[in-house]
Every structure is written in C-alpha cells, then in structure tokens.
1. Give the accessible area for Y29 in Å² (nearest 10); use a 1.4 Å probe, count only protein heavy atoms, and leave out ligands, DNA and RNA.
2. I need the shape label for segment 28-117. Rule: rounded when a/c is under 1.5, else prolate if a/b > b/c, else oblate, with a, b, c from the alpha carbon gyration tensor.
3. Hey, can you grab everything whose amide H is under 5 Å from the amide H of K69? Only 5+ residues off in sequence or another chain; H modelled, so Pro and N-termini drop out.
4. How large is ³J(HN,Hα) for each residue in segment 46-62, as worked out from phi by the Karplus curve 6.51 cos²θ - 1.76 cosθ + 1.60 (θ = phi - 60°), to whole Hz, x for Gly and Pro?
5. Can you run phi through the Karplus equation (6.51, -1.76, 1.60; θ = phi - 60°) for segment 100-116 and list ³J(HN,Hα) in whole Hz, with x for Gly and Pro?
Amino acid sequence: MKKVLIIAIILLCSRASIAQYDTSKVEQYCQVIATPRLLSNKVTIDIDFGEEKSFWRDTRLKTDGGKIKKFNTVIDALNYMGMEGWIFINAYPVRMGETDIYHFAFKKQFPKSAIQL
C-alpha cells in the first residue's frame with residue numbers, strides 16, 4: 001500500500017510541474033527598409049527589429065558564419081524574411097526629396113519565454 005501511495009504522489013507532482021510551462025505566444029514585428037544607392041540601380045536593405053541603435057555597436061544582420069548578410073535586390077530580402085518565418089503585413093513608400101524609400105512590415109509569433117524584455 002505504501003508503494004502505491006508513493007507512486008501516486010510522484011505521478012501527481014510530475015503532472016503539476018508540466019502544467020506550469022507557459023506555452024503562450026507573442027507577436028513581434030519588424031520592418032525592412034529599402035533605400036536606393038546613389039548612382040546605381042541597387043538598393044541598401046536595412047532590417048529594423050526594434051533594437052536599440054548605437055554608434056559603437058554593429059547591429060547589421062549577420063549570417064551563421066558571422067559575415068554581414070547582403071541582399072541582391074528587395075525581392076531577395078523579402079524572400080529571406082519569408083524563409084525565416086516572417087509574415088508580410090504591409091508595404092508603403094516614403095518620399096525623401098527625389099527618391100522613394102520603401103518600407104515593408106512583417107510579423108512573427110514567438111514563444112513568450114523566448115522574448116527578452
């Protein structure tokens with residue numbers, strides 16, 4: 001009888017510990033900004049994840065090998081974001097003088113435990 005009681009307590013405690021795992025999701029947003037290069041038909045791609053920008057710290061997107069990620073075209077950057085699981089929301093141009101700077105908004109769901117506040 002004692003063994004049955006101990007096994008029941010162990011099973012009950014293990015079930016309670018599983019129930020405390022937080023599985024809720026949080027939506028995060030980012031923005032891809034495409035700026036035309038001077039005297040070229042190429043563009044500069046900047047991806048804003050909402051992190052703090054600093055003159056002293058390099059916040060450019062890097063590959064797994066640590067090299068700076070470069071994109072050939074805007075479509076290349078948009079395809080990259082899709083492969084990373086980001087979902088396209090909206091696109092809009094902003095006119096700066098004679099040039100248009102294109103902004104693309106994306107969202108993605110992350111586990112609440114993975115988000116750093």
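The values are calculated or read from the model by the stated rules, or taken from the named source; none is laboratory data. No experiment lies behind these values; they were computed from the predicted model shown. Areas reflect the complete protein model, heavy atoms only, side chains present, ligands, DNA and RNA absent. Shrake-Rupley method; radii C 1.70, N 1.55, O 1.52, S 1.80 Å.
1. 120 Å²
2. Numbers: a/c = 1.66, a/b = 1.43, b/c = 1.16.
Judged from the Cα gyration tensor, segment 28-117 comes out prolate (a/c at least 1.5, a/b above b/c).
3. Close amide H contacts, sequence-distant or interchain: L61, K62, T63.
4. Each residue of segment 46-62 in turn: 10, 10, 9, 9, x, 7, 5, 8, 9, 5, 8, 10, 7, 9, 5, 5, 10 Hz.
5. After applying 6.51 cos²θ - 1.76 cosθ + 1.60, I find 9, 10, 9, 10, 10, 9, 10, 9, 7, 8, 10, x, 4, 5, 8, 8, 9 Hz.
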